[in-house]
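The values are calculated or read from the model by the stated rules, or taken from the named source; none is laboratory data. Nothing here was measured: the structure is a model prediction, and the numbers come from that model. Don't worry about glycine lacking a Cβ; one is built from the backbone with ideal geometry, like all the others, and counts go over all protein chains shown. Just so you know, the surface numbers come from the protein's heavy atoms only, side chains and all, with ligands and any DNA or RNA stripped out. Shrake-Rupley method; radii C 1.70, N 1.55, O 1.52, S 1.80 Å.
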Amino acid sequence: MDEKLSDLLIRSFDEELTFEEQVRLDNVLKNSEELRSEKKQLLLMRELIGNNKNSFGPNFSSEVMARINESGFSSGIFPLFKKIAFAGAASIIILLGLHVWSGGSLSLESILGVESAAQDVVTFNVMGH
Amino acid sequence: MTDYNSNEEKILITNAKGGDENSFRQLVEKYQDQVARVVIGMLGNSDNARDVGQEVFIRFYRSMDQFKGESTLGTYLTKIAINLSLNELKKIKIAQLRIVGNIDSINDIEDLNQRQDKNEIKEFVQQAILKLEPDFRIVVVLRLIEGYSTKEVSEMLGIPLGTVLSRLARGQEKLKIILMPKM
């Protein structure tokens, strides 16, 4: 069998052939028992493949629901948590930025306000003397 | 291919988005066969395929808010099923090689027309499909099993129509070589 003809035949099932290709295929199909037989086989093959209907069988939806419930409904809360967490993180970064911009230092003490508290204590002690 | 039943389905989706478990379950039941045909077509009938099938719906559950109905739900789920199946194929490449090894032995199997058992024929065809390279296999599954048009397959996979057509033709050539001697 001419490979080009076989290819043309296969293509004819899924795409529109050019006018010349279609005429050529039709002519050969009229005259070639071999090509007609191949067409029948290809159609049978496509039918067999098309009938290859698989399924997951019983209980599939219950299994899906069980897995969703396991990992679950908390995943519905997760996006909300994420939004709050992002907003919180953004606020902290903005506050830190403002702090640095206004001339503050980035030491842990200054961020926590411990530095000024310590100074207050020293002042208090001096006065106590 | 499952038809998009707009009204009833939209209500189910809206309810499911609102947290109605029963509506979501109905969507799973409606589309599980469609997802099964794609996933099992790609991975074979295995526990892996079942896990991937479940994962398809779990992913959908988690991203339901992003589903705006621009494509049908069937197409949306099919896309998830394709992506997860291809990921799974990458993960189990070694296992896949083992499966292909098994498929080589199908030459010893008796002719199709002597087979009385439909399940055996189905399994034989399934094994033949699994013998295709994943790029060809997915096109064959979507076009010949799911019945999508070549244009839809092209859009779904994000590849040119010409590529779909050539993969489809080459896929069928290979299937012909495997199946026809038995027909």
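Order A:30-36, B:50-56, A:8-14 from most to least packed using the mean count of other Cβ atoms within 10 Å.
B:50-56, A:8-14, A:30-36
Other residues whose C-beta falls under 13 angstrom from the C-beta of residue B:63 contribute a net charge of +3, scoring Lys and Arg +1 and Asp and Glu -1. Rounded to the nearest 100 Å², what is the sum over both chains of accessible area buried where B meets A, with a probe of 1.4 Å? Approximately 3800 Å², summed over both chains. Note on residue B:155 and residue B:64: their simple-model spin labels are 2.5 nm apart, each label 7 Å out from Cα toward Cβ. Model label points for residue A:24 and residue A:85, set 7 angstrom from Cα along the Cα-to-Cβ axis, are 6.3 nm apart.
The simple spin-label model puts a point 7 Å past each Cα toward its Cβ; for residue B:173 and residue A:99 those points are separated by 6.9 nm.
How much of the accessible area of segment A:3-51, in percent, comes from carbon and sulfur atoms when a 1.4 Å probe is used?
Numbers: 1520 of 3080 Å².
The value for segment A:3-51 is 49 percent carbon and sulfur by accessible area.
Report the full-extension gain for the segment residue B:135 to residue B:46: residue separation times 0.36 nm, less the Cα-Cα distance, to one decimal in nm.
Details: separation 89, 0.36 × 89 = 32.04 nm, distance 2.01 nm.
Contour length minus the Cα-Cα distance gives 30.0 nm.
Would you mind estimating how fast segment A:3-51 diffuses translationally, via Stokes-Einstein at 10 °C and 1.306 mPa s with the Kirkwood radius over Cα pairs, in µm²/s? Rounded, D is 142 µm²/s.
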